[in-house]
Amino acid sequence: MHGPSMRIPSIDFKSDAVLALAAGCLLGLSFPPSPFFSLAYISFIPFLVVFHRSSSNRQLAWASYLFVLAFHVITVYWAGGFVHMKDTYMMLAGLALLLIHPTFYLPSILLSKMIHRRLGSIWGLAAFIFLWIAFEYLHSLGEFSFPWITIGNSQAFDVNRIQIAEFTSSYGLSFLILSFNVLGFVWIVQTSAKQWLVASLPSLVTLFALIVVHGAPWLYGNYQIGKYMGRQPSSTLNIGIVQPNIDPWDKWGERAMSRWDSYAQQIQLHLDATRTLRQDSVDLVLWPETAIPFPVGATSYGPLWQRLISSVDSVGMPVFSGMAFVQFYDSAGAPVTAHRIAGSQQYYEYYNAAALIGSKESMSRTHKKIKLVPFAERIPYAETFRFLIEPLKWSVGISGWGLGKDTVVFQLRSRTGEAFQFGGLICYESVYPDFVRDYVRRGADFLVVITNDSWWGNTSGAYQHMAFNAFRAVENRRSVVQCANGGISGYCDPLGNIQKTTTLYSALQYSVKIEAGNEATFYTRHGDIFGICCTSIAGLVVLLGLSRTVLWKGPTHEPSVH
């Protein structure tokens, strides 16, 4: 059962640290907005040297932590707002993400090393691939999930190769990246150690496998792009985008003399921008996340809400807008996180929500955000850890949002009377492949993302958010339109081409012509079957490794390390 052992000279921990940090930097530099996405295909090789020769779990754990830490620092440094406004809560949350989240990766790496020791090098390296993808898939589930830095996401600009996402989502790209790195590592080690001659059969087979792993997806993507370029879309719509560039720190009226006046001014700003889009014959206008900042549903803001409805009706174009939404409950139906109104048995919960205004179904259906940013918008598993809600509540805006329960597919009539359906995603929800797929499975012809990415200054976060939409477009063959408060707005066509993007911190309104789709891709129909299969294989390999001593009644295998 043992694969061949590859010999790598042992070097001190400082050298391991340098290799681990180099690997993390290469991987981080492959993520948007960097154009060097191909770095991902060599980024793991320095770390695999460390992984292969490590003689102790403690040494490997430290090197692994440094590897993933460097990756995080380059990729999600922006999350702490360290270069913009420097809000204390945001900086502490961002620092926790950078320092604590890398530890989430350690179990899968250490389990891979266990397989490496017990079953041999080849088994261990294969386990590394499947356990990494298993971690990425499992980490997309639950309220502690964070799929933002799935390594396949680094390839958002590689339009040809990401076409395989219609079968595998971004996990397929992760598989390609990891497989290429492992094959490259094996070839480099074996040839440099003179175990293989460059022209030997094992060497040539490995080189051929590298060519297939890197080249076959490109050829498939080139074929798919050519096929789509030669067809005529069955239906198109004009979508208006309003990017108001309102300072998110002032948005909630907390610095204004009158919160009521602040809200009214913001609404008027959106309405004025919307009126200018009438000349573009727009079918739908998008306003960004929480564009309506006052709590819709609260009696005290009823007059302002009615004035808004009348104004949108007078414009003559339906508006899909983000909003703060409050829902009231009796004691029997209230979520455990709801707040009780003093002196009564009535409860209320605030939601980060979105609704279609100015259409026949105006406000009949409201999408309450389901995928909430951990800690910034909601304490994970707040129902269980309710005592942490107030101590860990962010003071900006309403925060402490309620958790939505179901997706909503909105109905729309175009100017020509054609019926469409669309899914409206709020901010962070767009990075969840299977969640987005559900909208399309339920009939969405196109997807919209409304967001507020202006918290972090001119850093990578907003660029990454826009870029990752390419995967959602390809997975489901749907156009994805993004409307952001201060940028980046734009859209992706069904091939994942990102177009008509805006600059950060600019105020403008414009329209885009998009295709409405009706194709049901393999991914739309079957979801994360690739990620589930990789997770299942990883589980089987771990069980095989754990049962090694029982099955073979012999000592565990240690690869030769010198």
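What to note about this one:
- Test: residue in segment 280-294 that is within 31 Å of the chain's Cα centre (by Cα), modelled with pLDDT of 90 or more and of a type in the set (D, E, K, R): yes
- Residues of segment 159-214 that turn out to be over 26 Å from ILE498 (Cα atoms) and among the small types (Gly, Ala, Ser), as a count: 8
- Checked against (1) of a type in the set (A, V, I, L, M, F, W, C); (2) surrounded by fewer than 16 Cβ atoms within 10 Å (Cβ to Cβ); (3) without any contact (Cβ under 8 Å) to a residue 40 or more places away in the chain, LEU269 passes all but a single condition, namely (2).
- Exclusive hit being β-branched (Val, Ile, Thr) and either touching a strand residue (DSSP E or B) at 6+ places or on another chain (Cβ under 6 Å) or surrounded by 19 or more Cβ atoms within 10 Å (Cβ to Cβ) (or both), set ILE292, ILE341: ILE292
- So ALA467, is it out of contact with any helix residue (DSSP H, G or I) (no Cβ under 7 Å at 6 or more places or on another chain), without any contact (Cβ under 8 Å) to a residue 60 or more places away in the chain and assigned to a helix (DSSP H, G or I): no
- Only one of the numbered conditions (1) in contact (Cβ under 8 Å) with a residue 40 or more places away in the chain; (2) under 31 Å from the mean Cα position of the chain (by Cα) is violated by VAL315, and that is (2).
- Any hit, segment 477-494, residues being closer than 19 Å to VAL373 by Cβ, in a loop (DSSP other than H, G, I, E, B) and of a type in the set (A, V, I, L, M, F, W, C): yes
- The number of residues in segment 424-443 being among the acidic types (Asp, Glu) and touching a strand residue (DSSP E or B) at 6+ places or on another chain (Cβ under 9 Å) comes to 2.
- Qualifying residue in segment 53-61 (condition: among the aliphatic types (A, V, I, L, M) and either part of a helix (DSSP H, G or I) or touching a residue at least 12 places away in the same chain (Cβ under 8 Å) (or both)): yes
- Here the helices (runs of 4 or more DSSP H) wholly within segment 133-244 that include at least 3 residues being of a type in the set (Gly, Ala, Ser) and free of Cβ contacts under 8 Å to residues at least 12 places away in the same chain are 201-229.
- The residues of segment 497-519 that are in contact (Cβ under 8 Å) with a residue 60 or more places away in the chain, assigned to a loop (DSSP other than H, G, I, E, B) and of a type in the set (A, V, I, L, M) amount to a single one, ALA507.
The values are calculated or read from the model by the stated rules, or taken from the named source; none is laboratory data. Keep in mind it's a predicted model, so treat the numbers as computed, not measured. Glycine gets a Cβ as well: all are built from the backbone with ideal geometry, and neighbour counts include every protein chain shown.
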